[in-house]
Amino acid sequence: MTSKGRTPRRASNVLLLALFCLCLFAVVFCIKHWHNDKHPASSANAQRQGELRRPTQPTLVIYILSFSDAAYIENFYFFFLEAIARDATAKFEILLPKGHGRDSAILPDLPSHARYIEHDRNCRGLSLVRWYLATRPDDGSLERYVLVSSAVRGPFIPPGLRDLVSWHSALGLGLDSGAGLAGGVVSCAQPPERWGLEGSEPPLHPFLEFTALAASRAAVEELLRLPPEQLGECPPATGAAVSADTDAVHDTDAGTGNLDSAAGGLVDAAAVVAAEGLTAAEAEAMVALRAWSGAVLAAGMGLASLAVRQQGADWTDRRTWSCNGGLSPLVERANDGLSLLPYEAMFLPVSEYDDGDMPYGAAAEYATTYTEWMRVSQHEPAVTAAAALPKRRSSGGSNSSGIAPAGEGTDRRHGPPPPPPPPPIHGTLAADPSHPDPDPAPDPARELAARNRYLGLSSEYKLPGVLVAVAQGEGCFDAEHFLQANPDVVGLTPREAWKFYVFYAQFQPRPFRLKCGVDWSKFGLRGSGGRRRRGRQQQRPAAAAAAAAAAGRQAGGRLQQDPR
């Protein structure tokens, strides 16, 4: 066959191959779109995961650092380890009172994408943020702002996601859906002067708690337009106040533990959580946060929260303004009967006044416990006041630690500090002398895995169940059924059986039966404990047994329903 004969056949083969590739592309395209239509959630999740992993929009993180509470230094050190040292996708600017840069023994050195900024203001929270943003040079490149303070601890990211998720992208994920402000939790708490007005007057609009806030550029512009009286004035601090506050920090470094700057005349700049609005700082924070949230809502933007039960809530709908019964979710067990968890809200308030070492189920207890678990199990530095106080460096001038005055863009930065030694583990189980450990070297992770605080604090954990049983009274306890179902205690009298149940049996895998619930009105707790009120005794036995079943399960026993 001649070359002229082969040329048309070759051309036809090329054409057929091109048509085949085109058809294959069309089939793949149709299958992909069909899958997205059938499984929109998986497609959205894949897109969302990509958003969390890829570099984010230009973001500025403003951190308010205060020295008025010993736990604030621990909170900042935790933030340094979990956010600043691990995330170079954002700029970090740490605001601290003027004068602390003269001797930075309590401050870790920062990487190149972070810096300390001194200020001479005597204000807190949004008032300080507004002043700083108004004086900070703005080149228009920033699209998002994240606000954090040393009054809260975080970010808490589950271990399996720490290297996959950008914490500030996750915090501000709601901004991609039209929200102007996003954060850990939305609060519908009302100021004390409005308590008791439920039903007679509509509630005030909700606001985002300042655990940590992500704001769009448009929301920040709304903040800058708010009048100063709604956020609080931000006057310069007097020289005497600055000197007294600096001396307090030096005393702490010397070992006195005195971080209280209130005596010096400075307000706590990091007191930003509104909570119940009972203290002056909480009331001021509530007014400021509600003013900013209201301006954002009025501008047509929304609010977004990380809290599970607040997902999908439309905060422009006035019917949602009574959320959580008008209580702040940050209050102990006020979040629908539970306390907020670190992995849900990402940031939680922690101060030296919180009973973080007591088994009350408070948010601060969860935050401090999770902190220890994270640091030890991952063989990382401890977050303690001692760890935040490295060996004093030579001063070398007022700006030797890389601290720039507010409004200036020059500073000197340092590499990350050497990690302090791992922390001791308190409350570990004593070694059994009859079984010596073949490896005498201490292993904090192993000791943490073996520890169980419940064994050492069992009385504190069991106290609520004991109190509920006492409140129910001996008359609610079916002693005859208990003695029949537990033959090993058959010799007890009915009263002895009830006492045994109150202090021991309800926490053991023993069957028991209750004949009634708790009439909380006898104790002046009207509306508490399932809203049991007067007339409880007149309810049908089956209903009373059903209510008692819940109390029995909470106490840890296996409750059998009354068959009557």
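The values are calculated or read from the model by the stated rules, or taken from the named source; none is laboratory data. On a predicted model such as this, the values are computed, not experimentally measured, just so you know. Here Cβ is always computed from backbone atoms with ideal geometry, including for glycine, and neighbour counts include all displayed protein chains. Remember, those area values only see protein heavy atoms, side chains included, never the ligands or the DNA or RNA. Shrake-Rupley method; radii C 1.70, N 1.55, O 1.52, S 1.80 Å.
Side notes on the structure shown:
- Residue within the stretch 129-139 that is under 23 Å from Ser305 (Cβ atoms) and touching a Lys or Arg at 6+ places or on another chain (Cβ under 7 Å) present: no
- So Leu65, is it open to solvent by less than 10 Å² (accessible area, probe 1.4 Å) and under 22 Å from Gly172 (Cβ atoms): yes
- Residues in the stretch 427-454 that are at pLDDT 75 or above and in contact with a Gly (Cβ under 7 Å, 6 or more places away or on another chain) were compared, and the one that is nearest to Trp498 (Cα to Cα) is Arg453.
- Subset of the stretch 281-298 [buried (at least 23 other Cβ atoms within 10 Å of the Cβ) and either over 21 Å from the mean Cα position of the chain (by Cα) or not aliphatic (A, V, I, L, M) (or both)]: Trp292, Ser293, Val296
Here is a yes/no grid of residues against (1) in contact (Cβ under 8 Å) with a residue 24 or more places away in the chain; (2) under 16 Å from Ala299 (Cα atoms); (3) of a type in the set (Lys, Arg):
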| position | (1), (2), (3) |
| --- | --- |
| Leu161 | no, no, no |
| Leu171 | yes, no, no |
| Gly174 | yes, no, no |
| Phe210 | yes, no, no |
| Ala218 | yes, yes, no |
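- The set of residues in the stretch 171-193 that are outside any loop (DSSP other than H, G, I, E, B), under 20 Å from Phe78 (Cα atoms) and in contact with a Leu (Cβ under 6 Å, 6 or more places away or on another chain) contains only Gly183.
- Residues within the stretch 484-500 that are modelled with pLDDT of 90 or more and not in a helix (DSSP H, G or I), tallied: 3
- For the stretch 114-168, a residue qualifies if it is within 15 Å of the chain's Cα centre (by Cα) and hydroxyl-bearing (Ser, Thr, Tyr), and the qualifying residues are Ser149, Ser150.
- Some residue of the stretch 118-129 being out of contact with any Gly (no Cβ under 8 Å at 6 or more places or on another chain), in contact (Cβ under 8 Å) with a residue 12 or more places away in the chain and surrounded by fewer than 21 Cβ atoms within 10 Å (Cβ to Cβ): yes
- Residues (assigned to a loop (DSSP other than H, G, I, E, B), among the hydrophobic types (A, V, I, L, M, F, W, C) and out of contact with any Ser or Thr (no Cβ under 6 Å at 6 or more places or on another chain)) located in the stretch 68-119: Ala85, Ala88, Ala105, Ile106, Leu107, Leu110
- Identity of the residue in the stretch 316-337, modelled with pLDDT of 90 or more and β-branched (Val, Ile, Thr), that ends up most open to solvent (accessible area, probe 1.4 Å): Thr316
- Counted residues, the stretch 455-483 - those being surrounded by 12 or more Cβ atoms within 10 Å (Cβ to Cβ), farther than 20 Å from Val518 by Cβ and modelled with pLDDT of 85 or more: 1
- Test: residue in the stretch 287-300 that is without any contact (Cβ under 8 Å) to a residue 40 or more places away in the chain and either farther than 22 Å from Arg225 by Cβ or not in a helix (DSSP H, G or I) (or both): yes
- In this structure, Leu278 does not qualify as open to solvent by less than 50 Å² (accessible area, probe 1.4 Å), under 25 Å from Ala70 (Cβ atoms) and of a type outside the set (D, E, K, R).
- Residues that are touching a Pro at 6+ places or on another chain (Cβ under 9 Å), closer than 24 Å to Val129 by Cα and open to solvent by 30 Å² or more (accessible area, probe 1.4 Å), drawn from the stretch 156-203: none
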